[in-house]
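**Q** Attaching a single structure in structure tokens format; questions to follow.
The values are calculated or read from the model by the stated rules, or taken from the named source; none is laboratory data. The structure displayed is predicted, hence computed values, not measured ones. So basically every Cβ, Gly included, is an ideal-geometry build from the backbone, and we count neighbours across all protein chains shown. When the accessible area is computed, the model is the full protein with side chains, heavy atoms only, and any ligands, DNA or RNA have been set aside. Shrake-Rupley method; radii C 1.70, N 1.55, O 1.52, S 1.80 Å.
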Amino acid sequence: MNAPALLQVNEVSKSFPKPDGHELLVLQGVNLQLVEGQIVGLLGRSGSGKSTLLRLIAGLADPSGGELQYLGRPVSGPAAGISMVFQSFALFPWLTVFENVALGLEAQRLPRGEIRTRTLAAIDLIGLDGFESAYPRELSGGMRQRVGFARALVVHPNILLMDEPFSALDILTAETLRTDFLDLWSEGRMPIKGVILVTHNIEEAVLMCDRILVFGSNPGRVLSEIAVTLPQPRDRLDPAFRELVERIYVEMTARTSTPSGAASARTELFPGLGIGTMLPRVSSNELAGLLEAVAAAPFSGKADLPKIASDLQMEIDELFPVAETLQMLRFAELEGGDIKLTEAGTAFASSAPDERKRVFARQLLNFVPLAAHVRRVLDERTSHIARRSRFIDELEDFMSEDSAEQTLSVIVSWGRYAEIFAYEDENERFTLENPA
Ligand code: ADP
Ligand code: MG
């Protein structure tokens, strides 16, 4: 059967101006086709340009190069047939569930009766029956995201775009919502023709998608395209499912690492490199835990990550950010699905607590430019004090407000552990009180 393309993305690139006048290339040469009846996954680490691509598809921003076509016509501005579900739900707190959902139809100038009928139908479909007059604050996270889905579906879009729609939910709620969504989708009960799902979760992509585009970073681009032919409903424990998860996993690590070039491996994983690099929310405890596990028997310094994940009873997707962070700090190298400790990683694992802090401080100051930057500012000031807001302002030249907050709080916790500076929560400032 020759299904018509709902969406065609051809050689699309996107760059943003940086404060220094240069351009930051965020997407390069991206091709994508969405045909009727498919769920296409965009899978990649944070910063690989997935959300940017969705915004281009939704007509919320223009590409710097290439073209996008929706139903054979160039995308210019938001199209009525494309709607979006956000990770953050994006509901209006002062509107009821009914009003939040009906809002989707406002622009269409339909008769009141029809708005009412369609709104109630969408609410019913997505399992929110009985909650019409509740306010978002009265709902759990899962129910709020159901409102997000209902609002997107009420317009009967051809294409549903979903940007990490399950990642703000707890594990069980997320799984329930995924299953409900897939049931409605396979029964053809949703008024949509195709779906693009953005995720950083490999298992979620394999569970839900017909095709997966694996993204690499810096610049964001498609590394490979994988067809998932397992029949729905899929079973996470099915050996074929596990095999596919591991294959994608190995692919993602293989391409993001080079055996010899430490610098290029870091470039790949952590775009920006300078102080504008977004830092993952990974604690020093998690880092130490993985280092210890890899150093210990039976691994003795080198381990297959899927194997060690199952030994630690963690999902690969939970372990991945920790392993990537070890790589950034040059405590370990990732390659082809293996994690291998560097000299510094081995030294850390075999040291007593005080020496560990010294090893960690050295890696932090050498390989995390923001940590070195904070320390330098403190050293240079006679007061040895610097306000939090000073660094937040700087980071916001490179990233969103939320990312800047996260990145700085990561630096605070790593810096405290390494004792390279102190941070006063109550005064929101960095100091050199008590550092090593
Ligand atoms: P993902 O969704 O894969 O995490 P994003 O598309 O959000 O990635 O971001 C990709 C890169 O583009 C990041 O480095 C981010 O800082 C940068 N970026 C995104 N939007 C803007 C913008 N409006 N201005 C400058 N840089 C941006
Ligand atoms: Mg994103």
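**Q** Does Val26 meet the test of being within 14 Å of ligand 2 (Cβ to nearest atom) and β-branched (Val, Ile, Thr)?
**A** Here the answer is yes, as Val26 does meet what is asked.
**Q** Here is a follow-up. Considering Asp354, Asp317, which residue is touching a residue at least 60 places away in the same chain (Cβ under 8 Å) and acidic (Asp, Glu)?
**A** Going through Asp354, Asp317 in turn, just one is touching a residue at least 60 places away in the same chain (Cβ under 8 Å) and acidic (Asp, Glu): Asp317.
**Q** Say we look at region 168-204 and pick out the residues that are closer than 13 Å to Leu43 by Cα and not β-branched (Val, Ile, Thr); which of these is farthest from ligand 2 (Cβ to nearest atom)?
**A** Taking the candidates together, the pick is Glu203.
**Q** Examine region 12-30 for a residue that is out of contact with any Gly (no Cβ under 6 Å at 6 or more places or on another chain), in a loop (DSSP other than H, G, I, E, B) and within 26 Å of Arg189 (Cβ to Cβ), and state whether such a residue exists.
**A** No, the conditions are met nowhere in region 12-30.
**Q** If I filter region 63-109 down to residues being among the aromatic types (Phe, Trp, Tyr), touching a helix residue (DSSP H, G or I) at 6+ places or on another chain (Cβ under 7 Å) and not in a loop (DSSP other than H, G, I, E, B), which single residue comes out as least open to solvent (accessible area, probe 1.4 Å)?
**A** Ranking the qualifying residues of region 63-109, first place goes to Phe98.
**Q** Could you check how many residues of region 383-436 are among the small types (Gly, Ala, Ser), open to solvent by less than 40 Å² (accessible area, probe 1.4 Å) and either within 16 Å of ligand 1 (Cβ to nearest atom) or within 27 Å of Phe16 (Cβ to Cβ) (or both)?
**A** Selection size over region 383-436: 2.
**Q** For a quick check of your reading of the model, give me the residue pairs whose first member lies in region 195-211 and is within 16 Å of ligand 1 (Cβ to nearest atom), whose second is hydroxyl-bearing (Ser, Thr, Tyr), with beta-carbon atoms closer than 6 Å and at least 6 apart or on different chains.
**A** Ile202/Tyr249; Ala205/Thr199
**Q** Which of the numbered conditions does Phe86 fail, given that it passes all the others? Conditions: (1) over 27 Å from Asn218 (Cα atoms); (2) of a type in the set (Phe, Trp, Tyr); (3) within 16 Å of ligand 1 (Cβ to nearest atom).
**A** That leaves (1) as the condition not met.
**Q** Yes or no: region 371-382 includes at least one residue that is assigned to a loop (DSSP other than H, G, I, E, B) and out of contact with any strand residue (DSSP E or B) (no Cβ under 9 Å at 6 or more places or on another chain).
**A** Yes, there is a match, as at least one residue in region 371-382 is assigned to a loop (DSSP other than H, G, I, E, B) and out of contact with any strand residue (DSSP E or B) (no Cβ under 9 Å at 6 or more places or on another chain).
**Q** Between Leu177, Leu184, Leu160, Leu172, which is of a type outside the set (S, T, N, Q), crowded, with 24+ Cβ neighbours inside 10 Å and either at pLDDT below 95 or within 20 Å of Thr119 (Cα to Cα) (or both)?
**A** Unique residue meeting the criteria: Leu160.
**Q** Sticking with this one: Please verify whether region 28-48 includes one or more residues that are buried (at least 17 other Cβ atoms within 10 Å of the Cβ), more than 26 Å from Val206 (Cα to Cα) and modelled with pLDDT of 95 or more.
**A** no
**Q** Could you please find all residues in region 92-109 being of a type outside the set (S, T, N, Q) and either out of contact with any Phe, Trp or Tyr (no Cβ under 9 Å at 6 or more places or on another chain) or free of Cβ contacts under 8 Å to residues at least 40 places away in the same chain (or both)?
**A** The answer is Phe92, Phe98, Glu99, Val101, Ala102, Gly104, Leu105, Glu106, Ala107, Arg109.
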